[in-house]
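Chemist: One structure is given below, represented as structure tokens, and several questions about it will come after.
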Amino acid sequence: MSQILYVYAFGRTTHPLPESIDAIDGSERLDVVRGNDLVAFFTLVDDVDFSQNVIDARAKDVEWLGAIGYRHQNVMSALMHGGTIELIRRLLEKQALRRMDAGTLSDEEIERVGAALMKLEEKMAEMKQIFGLADDDLNLRLGPIKSLD
């Protein structure tokens, strides 16, 4: 059995780790990889539980998705207490829009993606209000790469 990285988010290198966490796999492990001005927050997970094939196969298992979503949200919430975390959500949103524009999604998938993106936007609005953040506070500048606005 091998392990893979489950990446939650990217943040600034000064972003603190939460004191305690219930990670995506039910453990209390949250690690970081630092590089230049960014840090990636991740948990090492078993590929038999979190490979793309497993996730695709379990995508219709509402109980499993609920548990994973709940744990992911708890980690993101804990990270938000320490500062701004937003990059992954924006990257996922841009990828979904590219796939819709390219015509690689069925009508049903487009509906599901749209509903998921609306829920994410609502959750981000709620978190911005809770933590007193403005949209500009959530925009990471990626140096020579560009910003995500």
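Chemist: Residues of region 7-42 being under 18 Å from residue 80 (Cβ atoms), hydroxyl-bearing (Ser, Thr, Tyr) and in contact with a strand residue (DSSP E or B) (Cβ under 8 Å, 6 or more places away or on another chain), which ones?
Modeler: 8, 13
One line per residue, one yes/no per condition, for (1) on the phi < 0 side of the Ramachandran plot; (2) at pLDDT 80 or above; (3) under 16 Å from the mean Cα position of the chain (by Cα):
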residue	(1), (2), (3)
96	yes, no, yes
101	yes, yes, no
111	yes, yes, no
128	yes, no, yes
131	yes, no, no
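Chemist: Moving on. It is to be established whether one or more residues within region 56-79 are in contact with an Asp or Glu (Cβ under 9 Å, 6 or more places away or on another chain) and more than 29 Å from residue 15 (Cβ to Cβ).
Modeler: No, because not a single residue in region 56-79 is in contact with an Asp or Glu (Cβ under 9 Å, 6 or more places away or on another chain) and more than 29 Å from residue 15 (Cβ to Cβ).
Chemist: Of the residues 79, 65, 30, only one is surrounded by 15 or more Cβ atoms within 10 Å (Cβ to Cβ) and out of contact with any Leu (no Cβ under 7 Å at 6 or more places or on another chain); which?
Modeler: 79
The values are calculated or read from the model by the stated rules, or taken from the named source; none is laboratory data. Small disclaimer: the values here were computed from a predicted structure and weren't measured. Heads up, the Cβs are rebuilt from the backbone with ideal geometry, glycines too, and the neighbour counts pull from every protein chain shown.
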